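Remarks on the structure that follows.
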Amino acid sequence: MNKTELTQALAKKFELSISKTTEIMSYTLALLYKALVKIGFGSFSIRKCKTRKVRNPKLATIKIPVNKTVKFSVGMALKNLINKNIDYSPSSKVVAVEEIEYNNLNL
C-alpha cells in the first residue's frame, strides 16, 4: 500500500475529503519523521544513484538512468535498542516504546 492508497482508504473509512485526508497524512508523516530523528532512531537523506547497466535474460542489457533514492542511517538509540537482545514477543510484557525516552520531544 502506498501513500495514495492509504489516503483513499482513510478518506473512505472516516468520510473525509481526499484533500483533507492528504493534509492529515502529510502532517502525520512529518511528525513521525521529526520524532524518529529527534529521539535518535536515525536520519534520512537523499542519495543519487549512478547510471548502471543490468542484464535481463529476455531483453539483453538494459541501461537504468540516474535516479534518486532515500537513504536511512540508523542512529545510536536504535542500535542500542536492537543490541540489548530484549524479548519483544507478544507473550513478553516489555514494550519497545517504554525503552525510549520520548517525553521531551517538544514537537
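Bear in mind that the values in this text are calculations on the coordinates, not laboratory data. In this text, all values refer to a predicted model and were calculated from it rather than measured experimentally.
Cross-link pairs exceeding 30 Å between alpha carbons, from the set LYS20/LYS50; LYS20/LYS48; LYS3/LYS34: LYS20/LYS50; LYS20/LYS48. What the phi angles of the range 49-63 give under the Karplus curve with 6.51, -1.76 and 1.60, with θ = phi - 60°, is a coupling list of 9, 6, 5, 9, 9, 10, 9, 10, x, 7, 10, 6, 9, 10, 9 Hz, glycine and proline written as x. Couplings 3J(HN,Hα) of the range 31-41, computed from phi: 5, 4, 4, 4, 5, 5, 6, 5, 8, x, 5 Hz, in residue order, whole Hz [Karplus 6.51 cos²θ - 1.76 cosθ + 1.60, θ = phi - 60°; x for Gly and Pro]. Per-residue extension of 0.36 nm, minus the Cα-Cα distance of VAL37 and SER73, leaves a gain of 11.9 nm for this segment.
In units of the rule-of-thumb radius 2.2 N^0.38 Å, the range 21-88 shows an alpha carbon radius of gyration of 1.69.
Distant-in-sequence amide contacts of GLY42, defined by a placed amide H-H separation under 5 Å and a gap of 5 or more residues or a different chain, comprise GLY75.
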